[in-house]
Amino acid sequence: MKECVFCKIASKKLNTEFLYEDERIVAFKDINPVAPVHVIIIPKKHYDSIKEVNDKDLIGDLFLVGNKVARKLDIHSYRFVINTEKEAGQEVFHLHLHLIGGRKMSWPPG
């Protein structure tokens, strides 16, 4: 299988500044932000989407890391988003959690 761009980021083959890193997860700024704060949080292990994951600890850890990064960036109001499949807006087929904040959010989101 060909390595996706997020696999390359996680394995440090692409020069990316991490806002967070541990043995399973990394977080970094989105290159096409939709808000003043837009962070991507990914597992280092490749999963095409959340549909492939049966590790509840990993899913929980993605959200806990999101909270840590939000505190680090001093944002108090934010949204988490996971897009699943192309029709839902998933562009990179590696599970990722968006942390979006720094502006007023509207509802419904789209």
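Each value in this text was obtained by applying a stated rule to the coordinates, not by laboratory testing. Keep in mind the model is a prediction, meaning the values are calculated, not measured. Cβ atoms come from the backbone with ideal geometry, glycine included; neighbour counts cover every protein chain shown.
Side notes on the structure shown:
- Residues in segment 73-79 carry Karplus couplings, in order, of 8, 6, 10, 10, 10, 7, 10 Hz; the curve used is 6.51 cos²θ - 1.76 cosθ + 1.60 with θ = phi - 60°, and Gly or Pro positions show x.
- Spin-label model, Trp107/Cys4: points 7 Å from Cα along the beta carbon direction are separated by 2.9 nm.
- Ranked for footprinting exposure by Cβ neighbours inside 10 Å, fewest first, Leu97, Leu58 give Leu58, Leu97.
- Taking each residue as 0.36 nm, the span from Ser49 to Lys68 lengthens on full extension beyond its C-alpha to C-alpha distance by 4.6 nm.
- Taking every lysine pair in segment 5-101 that is 8 or more places apart or spans two chains, those with Cα atoms closer than 23 Å amount to 27.
- Once the chain from Asn15 to Glu91 is taken as fully extended at 0.36 nm per residue, the excess over their C-alpha distance is 25.3 nm.
- Kirkwood radius, the chain, all distinct C-alpha pairs, inverse of mean reciprocal distance: 14.3 Å.
- Label-zone membership for segment 1-35, site Asp57, 7 angstrom Cα→C-beta point, backbone N under 17 Å: 22-26
- Between segment 9-36 and segment 50-87, the Cα center-to-center distance that results, in Å: 13 Å
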